[in-house]
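Peer 1: Here it is, the structure, as structure tokens.
Derivation of every value follows stated rules applied to the coordinates shown; laboratory data play no part. Given the structure is predicted, the values throughout are model-derived calculations rather than measurements. Quick reminder, even Gly has a Cβ in these numbers, built from the backbone with ideal geometry, and neighbours come from all protein chains shown.
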Amino acid sequence: MRKEEQQSRYLAYLLRLWQTADGNSRIWRASLECPGAGRRRGFASLDDLAAYLAGETGSVSTASPDPSSSPSVVQWQKPTTKEVKQMIVYFNGRYLPQEDVHISPDDRGFVFADGVYEVIRAYHGVLFHADLHFARLQRSLSEIGIPEADVPTLEAACYGLLERNGLLDTDARFYLQITRGVARRTHVFPDPPPDPTVYITAGAITPPEKEWETGIKVILVPDIRWARCDIKSLMLLPNILASQQAKEAGAWEAIFVRDGVVTEGSHTTVCGIFDGTLFTAPVTNNILGGVTREIVLSACRRLSIPIKEFPIFEATLPRAQELMILGTTTEVMPVVQVDDLIIGDGAPGPLTRKLQRAFRETVREETTQARMWRRGNHAAL
Ligand SMILES: Cc1ncc(COP(=O)(O)O)c(C=O)c1O
């Protein structure tokens, strides 16, 4: 069977509508199910169904069911990734086409960058290490005094966005942003506190496979950021300027250096191999505690690669046998050139290769387990 046929069969949902009597009124109920995929979803009322479908661009292939006959079945075609015309986003508890989101000019995220964000990766329908990302989100919120988030709701919203945007079978990335909310402009926290503004998008990504093979060039830039880089704050101007500088220099990433010490990349963690030991900056207020960093350090322990959570000095870079940067979408990326300095023999080194393979293996194991668990649960519905 051709891939498109397979996909369209997979996405052919059955929409069942039926009426029930409730006192004097007759109420429509509905369910959507995907034959073969074991997926089913019930709706208590047509309003619920309408709210669910509002975020969808699928089409019903037969005429609407005759209201007098029940139950009725129609085919409803869920869109493939290509057919999704409008991006569906999650905004303050609702799924909406992105163009229908209206953000107040008094939102403190807009006025002050008063908020935090997270980026989470999905591998073919499964969120990867969502627990670590949500824990970091809660910490970032708590550090700036925004009430804690309702994590199960956010996680469900992420899965809802995968479904609504036709992203269940592809590589995707979520962007989650929470701001302090809408209030008249004044520096102090608004009193009473407004409801935080919650915004999530999901999009397909193309992993940088070519660069994983060849390695990349980075440039060094002065670390001009604030003293709380451990918070994933919306204030990213120094990171933006550094990234632009890297692009203009034909480099893939900019690496910050503070007082002669390599801190981290504009959106990545830096690791170096010196005498067979992996060095990476300790988690302090000067860097973001990376989720990928945690996963790679665990892999080093499993593979008996010695670790030193110790600063890498700019002056020692010429002695680095290997260098790599890590991140949620970057994964394990070999660095083969820093400004004009060639690292090692100019090609990705053996420990970097080993860690790339170990990372991929972790992704495969964890996402396969999660997919099996979810399939089992759907089948039990
Ligand atoms: C400044 C900075 N450091 C490190 C990272 C890597 O963190 P993670 O592995 O959790 O993506 C990021 C990711 O966005 C970042 O922005």
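Peer 1: My understanding is that a pair violates if its Cα-Cα distance is over 19 Å; which of LYS210/LYS247; LYS247/LYS354; LYS217/LYS308 do that in this structure? Mind dumping the intermediate values first?
Peer 2: On the way: LYS210/LYS247 17 Å; LYS247/LYS354 28 Å; LYS217/LYS308 24 Å.
Pairs exceeding 19 Å: LYS247/LYS354; LYS217/LYS308.
Peer 1: log₁₀ I(q)/I(0) of the range 180-235 at q = 0.17, 0.28 Å⁻¹, via Debye over equal Cα point scatterers, no solvent, to two decimals?
Peer 2: The computed values of log10 I(q)/I(0) come out as -0.94, -1.11.
Peer 1: Okay, next question. Taking amide H positions as placed 1.01 Å from N in the peptide plane, with prolines and chain starts having none, which residues 5 or more places from ILE231, or on another chain, fall under 5 Å of its amide H?
Peer 2: none
Peer 1: If you take every residue apart from VAL198 with its C-beta less than 11 Å away from the C-beta of VAL198, what net charge results, scoring Lys and Arg +1 and Asp and Glu -1?
Peer 2: Values: positive: ARG94; negative: ASP150, ASP195.
Residues near VAL198 contribute -1 overall.
Peer 1: Going through the range 96-200, which trypsin sites (Lys or Arg not before Pro) have at most 16 other Cβ atoms within 10 Å and a DSSP loop state? Could you put the intermediate results ahead of the total?
Peer 2: Details: sites: ARG108, ARG121, ARG136, ARG139, ARG164, ARG173, ARG180, ARG184, ARG185; in loops: ARG180, ARG184, ARG185.
Listed in order of number, the matching sites are ARG184, ARG185.
Peer 1: Rounded, prolate or oblate: which fits the range 175-299, taking a ≥ b ≥ c as square roots of the Cα gyration tensor eigenvalues, rounded meaning a/c under 1.5, else prolate when a/b beats b/c? Walk me through the numbers before you get to the answer.
Peer 2: Details: a/c = 1.87, a/b = 1.69, b/c = 1.11.
Prolate is the answer for the range 175-299, as a/c is 1.5 or above and a/b outweighs b/c.
Peer 1: Another one. When a/c is below 1.5 the answer is rounded, else prolate if a/b is larger than b/c, else oblate, so apply that to the range 244-313 with a ≥ b ≥ c taken from the square roots of the Cα gyration tensor eigenvalues. Each step should come with its number before you reach the end.
Peer 2: Numbers: a/c = 1.85, a/b = 1.72, b/c = 1.07.
Cα axes put the range 244-313 in the prolate bin.
Peer 1: Which distance in Å, rounded to a whole number, links the C-alpha centroids of the range 225-240 and the range 321-342?
Peer 2: 21 Å
Peer 1: Can you give the FRET efficiency for VAL119 and THR214, using 1/(1 + (r/R0)^6), R0 = 25 Å, r = Cβ-Cβ distance, to the nearest 0.05? Please report the intermediate quantities before stating the final value.
Peer 2: On the way: r = 24 Å, r/R0 = 0.96.
For R0 = 25 Å, the calculated efficiency reads 0.55.
Peer 1: Quick check: Cα centre of the range 158-205 to Cα centre of the range 241-282, how many Å?
Peer 2: Result: 28 Å between the Cα centres.
Peer 1: Which three extents, in angstrom, do the Cα atoms of the range 139-234 have along their principal axes, listed largest first?
Peer 2: 52, 42, 21
Peer 1: A further question on this structure: Rank by packing, highest mean first: peptides 88-95, 268-275, with packing defined as the count of other Cβ atoms within 10 Å averaged across residues. Present the calculation step by step, with values, prior to reporting the outcome.
Peer 2: Working: 88-95: 18.2, 268-275: 21.6.
In decreasing order of mean packing, 88-95, 268-275 become 268-275, 88-95.
Peer 1: So if I average 1/r over every pair of distinct C-alpha atoms in the range 234-381 and take the inverse, what Kirkwood radius in Å does that give? Let's see the in-between values first.
Peer 2: Numbers: mean 1/r = 0.0608 Å⁻¹.
When all Cα pairs of the range 234-381 are included, the Kirkwood radius is 16.4 Å.
Peer 1: What FRET efficiency would be calculated for the residue pair GLU365, ASP150, taking the C-beta separation as r and a Förster radius of 25 Å, to the nearest 0.05? Please report the intermediate quantities before stating the final value.
Peer 2: On the way: r = 29 Å, r/R0 = 1.16.
Given R0 = 25 Å and the Cβ-Cβ separation, E is 0.30.
Peer 1: Once a ≥ b ≥ c are taken as the square roots of the eigenvalues of the Cα gyration tensor of the range 291-340, is the result rounded (a/c under 1.5), prolate (a/b larger than b/c) or oblate (a/b not larger than b/c)?
Peer 2: On the way: a/c = 2.11, a/b = 1.38, b/c = 1.54.
Oblate is the answer for the range 291-340, as a/c is 1.5 or above yet b/c matches or exceeds a/b.
Peer 1: Working only with C-alpha atoms, what are the Rg and Dmax values of the range 86-206, expressed in angstrom?
Peer 2: Spelled out, the Cα radius of gyration and Dmax of the range 86-206 are 14.6, 45 Å.
Peer 1: Between ARG139 and ASN92, 0.36 nm times their residue separation minus their Cα-Cα distance comes to what?
Peer 2: Values: separation 47, 0.36 × 47 = 16.92 nm, distance 2.03 nm.
Extra length available between ARG139 and ASN92 comes to 14.9 nm.
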